[in-house]
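Written below as C-alpha cells is the structure these notes are about.
Every number in this text was worked out from the coordinates using simple rules, so none of it is lab data. These figures come from a predicted structure and were not determined experimentally. Methodologically, a virtual Cβ is constructed for each residue, glycine included, from the backbone with ideal geometry; neighbour enumeration extends over all protein chains shown.
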Amino acid sequence: MHGRIRTWGPGALVLLPTVLLLGYFVYGLIAWSFNTSLTDRHTARKGPANYVGFENYGNLFTEERFLNSLKNLGVLTVAFIVGTLIFGLLWALLLEKGVPGESVFRSIYLFPMAISMIASGVVWGWLLNPSQGEDARGLNRLFEILHLGFLENAWWTAGSRWTTMLSIALPAIWQLSGYIMALFLAGFRGIPPELREAARVDGASEFKLYRHVLFPQLSPIALSALIILGHMSLKLFDLIYAITGPNQFRTEVPAVYMWNTLLRSDQAKAAAIAIVMLAVVAVLVIPYVAYTVRQESKE
Amino acid sequence: MRGGLSKTLALVGAAGLLAVSACGNSDDGGGSGDAAASKDVTVFTWWADGGEKAGLDGMVSVFNTECKDYKFVNSAVAGGAGSNAKQVLANDLQAGKPPSTFQAHAGAELRDYINAGQVDDVSGLYKEFGLDKAFPQNLIDNLTVDGKIYSIPANVHRANVVWANPTVLKKASLDGTKAPASIDAWIADLTKLKAAGVTAPLAISKGFAQEMLVEAVLLAELGPDKFIGLWDGKTDWAGGDVTAALNKYKTLLTFTNSDREAIDWPDALGYVNSGKAGYTLMGDWVAAQQLADKVPDTAYTYWPSPGTAGNFQYLADSFTLPTNGQNPEGAKCWLKVTGSADGQKAFNTKKGSIPARSDANPADYPKYQQVAMADWKKDKIVPSCAHGAACTLGQNNDILSAISQFSGSPDVAKLQSALGAAMKTS
C-alpha cells in the first residue's frame with residue numbers, strides 16, 4: 001500500500017494545482033455561465049434569480065440581431081480560414097523552394113503575429129477607409145495612385161455580407177498567414193529528403209511530387225491549422241471592435257454582441273451567447289480530439 | 001491548502017485587475033484598490049485627456065482646497081466615449097467594490113444603476129448644499145425619479161447644434177449666420193451646396209453622431225412635447241409623423257460623406273474646417289475642440305439645428321454616491337465641490353460646457369458658452385438619448401445597432417420598427 005502511494009503520489013501532487021485551477025477557472029466557470037444562462041437574471045441587481053429553462057436560448061434564436069451575428073461569424077470563419085491557409089501554404093512553398101535570405105522573409109512574414117490585434121485593428125480601420133475617387137484614403141488611395149481605380153471599394157461599409165466580412169477577414173488573414181506558413185514550413189522540413197529523392201528517381205514530375213508525396217505528409221498539420229484558425233475566428237473581438245466600433249450591425253459577431261449585452265447588465269442573455277459560442281467551438285474541436293485520440297491509439 | 005488556493009486566486013485576480021487598468025489608465029490610481037488609506041476619495045470617470053481631463057484637473061484643484069481632509073485618487077478609464085469605462089465600472093460594482101463616486105450621465109441612463117440598487121438617493125444633499133435653489137427647476141424635474149434624485153450634475157452640454165463653414169456656404173450664396181427654418185429648408189440649402197460642387201455638404205461620423213442627427217430631425221419634425229413623448233412612452237413610434245421624419249433623415253444621409261462609418265466626430269469637424277463640407281451636427285464640446293485646435297471664431301458659425309430653435313437638447317455629466325462606496329464622507333465633499341459655483345466654474349471653463357447652476361456669471365466664460373448659457377435660461381429643456389439623458393444604456397445600444405444597419409442599407413420601415421422595439425426593452 002505504502003509503495004503504491006510512492007508510485008503515483010508525487011505525480012498526483014504535481015498535477016494537483018493544475019487540476020484545481022483548471023477545474024475552477026475553466027470547468028467551474030463554464031458551469032457557472034451555463035447556470036446563469038438558465039435564469040432570468042437580466043439586470044445587475046443581486047439576489048435570487050428564477051430558473052426559466054432554455055427560454056434565453058429560444059429568444060436568441062428568434063432574434064434578428066443574434067442570427068445576423070451568427071451568419072456574419074460563419075462567413076468570417078470561412079473567409080478567414082480559406083484565405084489564411086492559401087497564403088500560409090503559398091509562402092511556405094515559396095520558402096521551401098529555397099530563396100536567398102530566407103530568414104529575412106521568414107521574419108517579415110511572421111512579423112504581423114507580433115502585433116496585437118487591437119493595434120493592427122486601429123491601423124486597418126484607417127486602411128479600410130471607404131472614401132473613393134478624389135477623397136480616397138487608406139488602401140483606396142493606394143489603388144488610386146497605382147491607377148487601379150477598379151479595385152477601390154467601400155470595404156465593410158456597404159454591399160453584401162460576403163464583401164463586408166471578407167474585408168474584416170483581410171486584416172486577420174494578414175496577421176495569421178505567417179504563423180500558418182511557419183507550421184507548413186516546419187512540416188516540409190520534417191519530411192525526410194530520401195522520400196523526395198526516391199520520387200525523383202521514379203521519374204515523378206515536380207507537380208506529382210507535391211501532389212502525391214509531400215502534401216499527404218502535411219495533412220495532420222493542415223488539420224491542426226484548421227482547428228487553430230477556426231477557434232481564433234470565433235474569438236475575434238478586438239479586431240472587429242477596433243475597426244468598426246461597438247453596435248455595428250453589419251459586422252457584429254457573437255463575441256461583440258455578448259460584450260454589448262454584458263454592458264447593459266443582461267447577464268442571463270450574455271451567458272447564453274457565451275454558451276452558444278462554446279457549443280460552436282465544440283463542434284469544431286471535438287471531432288479533432290476524437291481523431292487525434294484514435295490516431296494515437298493506433299500507434 | 002485553502003490558504004494557498006485563496007492566495008493563488010488573489011494573485012490571479014490582482015493580475016486581472018492590473019490588466020484591466022493597464023488597458024486605459026493614464027493616471028493609474030489603482031481603481032478600487034484596498035481601503036488602507038481611508039482618506040482616499042477614488043473618483044471614477046472617463047475623462048482621461050483633452051478638454052475633459054483639463055476640466056477634471058480644474059475641479060480637483062478646488063477639491064484640494066475645499067476638502068483638505070481627503071486625498072483625490074484619479075480612477076479614470078480612457079477610450080470609447082465612456083463605453084470601456086462603463087464596462088470596468090460594471091465589473092467593480094458587480095464585485096461589490098464601488099469607487100467613492102463615479103461619473104454617470106444624468107437622466108434615464110442612471111436608471112440602470114438605480115434599478116440595480118447601486119446608487120444612493122442624494123436628495124438630502126441638494127437641500128444641504130442649496131442646490132435645489134441653484135439648479136433650474138426644469139433640470140431638477142428631469143433628474144428626479146419617483147421623488148428622489150440620485151446624482152449631482154457637474155455640467156450641461158447641448159446636443160442640437162449645427163456647426164457651419166461660412167466660406168463654403170458662400171459658394172452657394174447661403175448666409176452662414178442664420179439657421180434654415182426647417183429640415184426642408186436645410187435640405188434645399190444642401191441641394192444648392194451640392195450643385196455648387198461640394199460633394200458631401202453635410203459631414204457626419206459613425207455611431208452616436210448619426211443618432212444625434214436622427215434625434216435632431218425627430219425633434220424638429222415632431223416638436224418638443226411629442227419628442228419627449230417618444231422616450232417616456234406617450235408618443236407612438238409607429239406613427240406616420242415619425243415615418244415622415246425618418247424619410248427626411250434618409251434624404252439628409254444622401255448629402256453626407258461616404259466614409260461616415262469609418263470616422264469619428266473630430267474628423268467630421270475637420271471636413272467642415274478644411275472646407276470639404278458645409279455643415280456638421282455635433283454637441284457643443286465642438287467649441288472646446290475648436291479652441292484647442294486654434295480655429296479662429298470667424299472661421300465657423302453655429303446655430304441650433306434647423307427647426308429646433310427654442311429647444312435646448314441637453315445632456316449632463318453627473319456624480320453619484322454609490323451604495324456601500326468607500327469613504328462616503330469624502331465622496332460627499334467631492335459632490336459638494338461638483339455642485340458648488342467654484343467647482344462648476346473651474347470645470348466648465350476648461351471642458352467647454354456650461355454650468356448646471358443658473359447663478360453663474362457668463363462673463364467668466366468664452367463666447368460660445370455665453371450664448372449657450374443664455375439659451376439654457378430661456379429655452380425648453382429636452383433630453384438626448386444619444387448621451388443617456390432620455391434612454392437607458394440597453395435602449396441606446398439597440399438604437400445604435402438599428403441606425404448602423406440603416407446607414408448601410410436604408411430601409412425606413414425597418415428602422416422605424418427597430419427603434420420602437422428598442423424602446424420596449426429596458
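With an 8 Å Cα cut-off and a minimum separation of 6 or more residues, compute the relative contact order for segment A:64-297 in percent. Relative CO of segment A:64-297 lands at 29 percent.
Multiplying the residue separation of residue A:198 and residue A:59 by 0.36 nm and subtracting their alpha-carbon distance yields 43.9 nm. Rounded to the nearest whole Hz, the Karplus-based 3J(HN,Hα) values (6.51 cos²θ - 1.76 cosθ + 1.60, θ = phi - 60°) of segment A:93-98 follow the sequence 4, 4, 5, 5, 5, x, with x at glycine and proline.
Placing a label point 7 Å from the Cα of residue B:38 along the Cα-to-Cβ direction, the residues of segment B:315-345 with a backbone N closer than 18 Å are B:324-334. Given a Förster distance of 56 Å, report the FRET efficiency between residue A:13 and residue B:424 from their Cβ-Cβ distance, rounded to the nearest 0.05. Calculated transfer efficiency: 0.45. Based on alpha-carbon atoms, the Kirkwood radius and the radius of gyration of segment B:180-315 give Rg/Rh equal to 0.97. For a straight C-alpha distance cut-off of 28 angstrom, the lysines reachable from residue A:208 (same-chain residues fewer than eight places away being disregarded) are A:97. Charges were assigned to the Cβ only: +1 to each Lys and Arg, -1 to each Asp and Glu. The resulting dipole of segment A:64-297 about its Cα centre is roughly 340 debye. Each 5 Å bin from zero up to the one holding the largest Cα-Cα distance in segment B:261-334 carries the following percent of pairs: 3, 11, 18, 17, 12, 10, 7, 9, 8, 4, 1. Percent of C-alpha pairs per 5 Å bin in segment B:267-426, short distances first: 1, 7, 12, 14, 17, 17, 14, 10, 6, 2, 0.
Label sites at residue A:4 and residue B:61, each approximated as a point 7 angstrom past Cα along Cα to Cβ, lie 7.8 nm apart. Positive contributions from Lys and Arg (+1) and negative ones from Asp and Glu (-1), summed over other residues with Cβ under 12 Å from the Cβ of residue B:206, come out at -3. Taking label positions 7 Å along the Cα-Cβ direction at both residue A:222 and residue B:141, the computed distance is 7.2 nm, reported to one decimal. Shown is the FRET efficiency for residue A:294 and residue A:148, computed with R0 = 45 Å from the Cβ-Cβ distance and rounded to the nearest 0.05: 0.35. Mean sequence separation of contacting Cα pairs (under 8 Å, at least six apart), scaled by the length of chain B, corresponds to a relative contact order of 26 percent.
Estimated at 0.36 nm per residue, the fully extended path between residue B:175 and residue B:294 surpasses their Cα-Cα distance by 40.5 nm. Give the separation of the Cα centroids, segment A:32-61 to segment A:174-234, in Å. Taking the Cα centre of segment A:174-234 as reference, the centre of segment A:32-61 is 46 Å away. A Förster radius of 30 Å, combined with the Cβ-Cβ distance separating residue B:329 from residue B:133, puts the computed FRET efficiency at roughly 0.80. Would you give the gap between the C-alpha center of segment A:89-154 and the C-alpha center of segment B:140-191, rounded to a whole Å? If you average the Cα positions of each part, the centres end up 41 Å apart. Ordering B:315-326, A:215-226 by mean Cβ neighbour count within 10 Å, with the highest value first, yields B:315-326, A:215-226. Remark: the residue A:40-residue A:212 segment gains 56.2 nm on full extension, using 0.36 nm per residue and subtracting the alpha carbon distance. When chain A is treated as a Gaussian network with alpha carbon springs shorter than 10 Å, the biggest mean-square fluctuation among A:51, A:24, A:179 belongs to A:24. Label the protein assembly as shown by shape, choosing from rounded, prolate and oblate, from the square roots a ≥ b ≥ c of the eigenvalues of the Cα gyration tensor; if a/c is under 1.5 it is rounded, and otherwise prolate applies when a/b is larger than b/c, oblate when it is not. Oblate is the answer for the protein assembly as shown, as a/c is 1.5 or above yet b/c matches or exceeds a/b.
Note on chain B: GNM, Cα springs under 10 Å; of B:38, B:404, B:353, the largest mean-square fluctuation is that of B:38. Distance between the modelled labels on residue A:191 and residue A:104, one decimal in nanometres: 2.8 nm (7 Å Cα→Cβ projection).
Under the definition of partner shielding as Cβ atoms of other protein chains within 10 Å of a residue Cβ, what is the mean value for peptide A:246-255? Taking the mean over all residues of the peptide, I get 6. For a test of the definition: using alpha carbon positions, the gyration tensor, and the 1.5 limit on a/c, classify segment A:64-297 as rounded, prolate or oblate. Here segment A:64-297 falls in the oblate category. Couplings 3J(HN,Hα) for segment B:197-204, derived from phi with the Karplus relation 6.51 cos²θ - 1.76 cosθ + 1.60 (θ = phi - 60°), are x, 8, 5, 10, x, 10, 7, 8 Hz, where x marks Gly and Pro. Between amide H atoms placed 1.01 Å from N, distances below 5 Å from residue A:41 occur with A:268, all of them 5 or more places distant or on a separate chain.
Between A:84, A:163, A:62, the GNM of chain A built on Cα springs shorter than 10 angstrom shows A:62 fluctuating the most. Placing unit charges on each Cβ (+1 for Lys and Arg, -1 for Asp and Glu) gives segment A:64-297 a dipole about its Cα centre, and among A:145, A:274, A:78 the Cα reaching farthest toward its positive end belongs to A:274.
Using the Cα coordinates of chain B, the gyration tensor eigenvalues translate into equivalent-ellipsoid semi-axes of 38, 24, 21 Å, sorted from longest to shortest. Think of the protein assembly as shown as a dipole: +1 on every Lys or Arg Cβ, -1 on every Asp or Glu Cβ, centred on the Cα centre; then among B:275, B:186, A:223, A:223 lies furthest on the positive end.
In terms of its C-alpha gyration tensor, segment A:151-282 comes out prolate, because a/c is 1.5 or above and the ratio a/b outweighs b/c. The phi-based Karplus calculation (6.51 cos²θ - 1.76 cosθ + 1.60; θ = phi - 60°) puts the 3J(HN,Hα) values of segment A:244-251 at 10, x, x, 6, 9, 4, 4, 10 Hz, whole numbers, x for Gly and Pro. Pairs exceeding 25 Å between alpha-carbon atoms, taken from B:336/B:367; A:235/B:250; B:170/B:276; B:68/B:336; A:269/B:424; B:192/B:276: B:336/B:367; A:235/B:250. Charged neighbours of residue B:143, selected by a Cβ distance under 13 Å, balance to -4 (K, R count +1; D, E count -1).
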